[in-house]
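What follows is a short report on a single structure.
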């Protein structure tokens with residue numbers, strides 16, 4: 001066990017910055033990326049015996065970091081949290097953005113909830129691409145790389161998601 005611990009400490013020292021960069025590139029969040037670094041190395045420690053060659057450690061850790069980061073994003077998408085950013089309203093505290101009335105803030109919150117409801121109706125594959133593109137600002141190439149898809153598949157899923165959302169709103173507006 002001592003040999004593995006020394007090896008593991010060496011791996012951590014050599015690759016923790018790389019793992020952080022991968023996590024940050026995917027999540028665009030420093031705190032989350034730090035958590036992903038810890039989770040990545042925990043997973044690596046548990047599976048250290050599967051590392052066949054020391055020279056492949058960087059690739060091995062990069063793959064674990066990428067999968068862990070994507071898993072985080074998928075969990076977040078599945079959780080379907082409505083991120084209200086500056087529009088957070090607490091009914092007790094009545095926090096309202098500067099320059100807006102309570103009614104405007106409530107209207108914005110309801111609109112965001114309505115959009116979230118429609119997004120939930122999309123197939124999961126389209127939801128993932130749509131959320132990575134819209135919520136996380138990733139481009140098609142980044143999404144394709146992160147989800148291990150072809151760029152054309154990402155374009156198609158995003159196009160279909162937008163088309164379905166537009167159709168849902170047309171139906172809602174005409175009703």
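Contact map, segment 4-24: first residue within 29 Å of residue 138 (Cβ to Cβ) and in the same structural domain as residue 142 (by TED's automatic domain parsing), second residue surrounded by fewer than 14 Cβ atoms within 10 Å (Cβ to Cβ) and at pLDDT below 85, Cβ cut-off under 8 Å, separation 6 or more or different chains; the map is empty. Counted as qualifying within segment 61-175 are the helices (runs of 4 or more DSSP H) with 2 or more residues that are at pLDDT 80 or above and within 30 Å of residue 12 (Cα to Cα), namely 140-147.
The values are calculated or read from the model by the stated rules, or taken from the named source; none is laboratory data. All figures in this text were calculated on a predicted structure; none of them were measured in a lab. Cβ: placed from backbone, ideal geometry, glycine included. Neighbour counts: every protein chain shown.
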